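Read the figures in this text as sums done on the coordinates, not as results from a lab. The structure presented is a predicted model; accordingly, all values stated were derived computationally and were not measured. Reconstructed Cβ throughout: ideal geometry from the backbone, glycine too, with neighbour counts over all protein chains shown.
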Amino acid sequence: MEQDKALNGIRVLDFTGPSGVYCTKLLADLGADVIKIEPPEGDPMRYIGPFYHDDVHPEKSLYFWHFNTSKRSITLNLETIDGRELFKKLVKDADIIVETFSPGYLDLWGLSYATLKKINPKLILVSITGFGQIGPYKDFKASDLIGLATSGILYTLGFPEDPPTSIGASQAYHMVSANAAIGALMALLCRDEIGEGQWVDVPMQGTNIRMSEMVPFTFWISGKNRKRSGLEFYRARRDIFECKDGRVVCSALGGGGAEKMLEWMESEGMAADLREETYAPIIALLMGASPYGKGSQDKINMAEAGKKLRDYPKESDHIEQVWEAFLMTHTMVELFVGAQTRGVRLMPVNNVKNVVEDTGLKERGYFVDVEHPELKDTLLYPGPPFRLSETPWNISRRAPLVGEHNNEIYEKEIGISKEKLARLRAEKVI
């Protein structure tokens with residue numbers, strides 16, 4: 001018998017574009033009945049590539065497939081009177097609406113949250129925008145890149161000597177979508193207590209600022225912008241190094257595990273002169289300690305005790321050269337296994353092929369097969385971002401075809417007659 005899912009019995013109306021579609025995917029794969037509402041011609045996201053076997057077709061977008069698993073699809077034109085009436089019928093049985101329209105769009109068609117809540121007092125509306133429902137920027141258009149830029153995240157990415165550099169895979173959209181899903185779940189929890197829904201306003205700029213960690217706080221305290229760190233992190237030395245067949249991420253000599261890594265290097269005759277006293281202070285710093293040990297302020301002046309890696313450029317460069325020479329004699333897997341068995345945090349910098357073939361992910365059953373009956377094919381999809389032991393996550397179906405569930409929802413669930421549905425199709429209401 002199939003286990004219950006976390007969101008069984010919850011119905012979501014999905015009016016999302018790229019900035020919110022991951023939110024509704026999370027809810028759908030957790031078991032919510034997510035109804036993707038598309039314009040009669042299909043969602044524009046269906047035209048975003050890449051495409052299955054490079055066949056440019058709205059029913060073969062890998063982008064759309066990835067973000068719309070476990071959902072049903074109906075078509076509906078909100079800008080028609082009949083379309084709005086149909087929508088109001090859908091609202092009666094809905095728990096959540098997630099939308100990415102510009103502020104005021106629903107109001108324009110007489111579908112404000114106040115109006116919808118009169119139809120269904122328990123309704124939760126989640127609105128995802130670039131800058132929120134209020135404020136001087138509320139009507140400004142926004143993209144993933146704008147989300148990264150206006151939140152300050154983009155400024156921190158790249159090399160100090162270069163302009164800011166973007167990151168891939170629509171991270172700003174993912175951040176705002178994940179926060180929108182959290183907001184929706186919190187509103188559901190609150191509804192259990194007070195019996196009413198609420199409006200969840202999710203601005204991309206605001207959520208992305210929250211994801212920039214302590215960067216704004218650092219500015220408030222020091223008055224300084226955090227510099228772009230390139231290959232470095234916080235240690236003023238780089239953390240990404242080449243090896244025999246790729247790259248690994250790890251501080252020189254493994255940071256706090258430097259002693260264990262030195263022993264490994266020595267066993268292979270690769271430690272060179274790093275045991276000499278000259279390099280002891282730098283290795284101590286690599287391990288996260290003062291170069292002069294605990295209580296050093298009692299022995300020397302504070303200026304000496306407070307030295308950083310940047311104060312030993314020549315010695316640090318030499319240590320990195322010896323370290324990289326050792327790394328170049330090993331593959332990513334050899335270094336990963338060897339370091340981890342010694343208790344040192346070292347990981348490969350995986351490309352997509354490495355990820356898909358990753359032994360750990362395979363053992364966990366992370367990737368899942370999803371059938372596409374219309375293609376007579378089964379495709380491998382990324383799996384759960386988390387595991388729930390009692391109410392499991394899973395992909396229940398492949399992404400829907402355009403309006404695939406029109407008859408199922410409009411006729412069988414709402415009670416619209418076949419004749420009326422035919423008329424609504426002819427008039428491009430659905």
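Just subtract the alpha-carbon distance of GLU363 and HIS53 from 0.36 nm times their residue separation and send over the number in nm, one decimal. Display every interim value, and only then the final one.
On the way: separation 310, 0.36 × 310 = 111.60 nm, distance 2.85 nm.
The span from GLU363 to HIS53 would gain 108.8 nm if fully extended.
Provide CYS250, CYS190 in ascending order of the number of other Cβ atoms located within 10 Å of each residue's Cβ, fewest first. If you can, show how the numbers build up before the last one.
Values: CYS250 23, CYS190 14.
The fewest-first ordering by Cβ neighbours comes to CYS190, CYS250.
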DSSP H segments from the chain that extend 18 Å or more along their own axis, Cα-based, with Kyte-Doolittle mean of -0.5 or above: 171-194
Approximate spin-label separation THR391-MET186, in nm, with each point projected 7 Å along Cα-to-Cβ: 1.8 nm
Gaussian network model of the chain, Cα within-10 Å springs - most flexible of GLU41, GLU371, GLU268: GLU268
Label assignment, Cα extents along the principal axes in Å derived from the structure, set [x] 99, 61, 33; [y] 89, 51, 41; [z] 58, 55, 39: [y]
Options LEU106, ALA339, ALA142, ranked by Cα towards positive dipole end of the chain, top entry (Cβ charges): LEU106
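With a cut-off of at most 13 other beta carbons within 10 Å, and DSSP calling the residue loop, which GluC sites (Glu not before Pro) in region 313-369 qualify? Please list them.
Values: sites: GLU315, GLU320, GLU324, GLU334, GLU357, GLU363; in loops: GLU357.
Filter output for region 313-369: GLU357.
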Stretchable slack from ILE81 to GLN133, in nm (0.36 nm times residue separation minus alpha-carbon distance): 16.2 nm
Rounded to 5, the percent of DSSP beta bridges in the chain classed as antiparallel: 35 percent
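For region 1-88, what class follows from the C-alpha gyration tensor (a ≥ b ≥ c being the square roots of its eigenvalues): rounded when a/c is under 1.5, otherwise prolate if a/b is larger than b/c, else oblate? Please list the in-between numbers first.
Values: a/c = 2.27, a/b = 1.07, b/c = 2.12.
The shape class here is oblate.
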Entries of LYS5/LYS122; LYS141/LYS418; LYS244/LYS376; LYS36/LYS122; LYS5/LYS412; LYS25/LYS227 with Cα pairs more than 30 Å apart: LYS141/LYS418; LYS244/LYS376; LYS25/LYS227
Charge-dipole axis of the chain as Lys and Arg at +1 and Asp and Glu at -1 on Cβ define it, positive-most pick from LEU116, GLY31, HIS53: LEU116
Theoretical FRET efficiency, 1/(1+(r/R0)^6), r = Cβ-Cβ of ARG247 and LYS224, R0 30 Å, to 0.05: 0.50
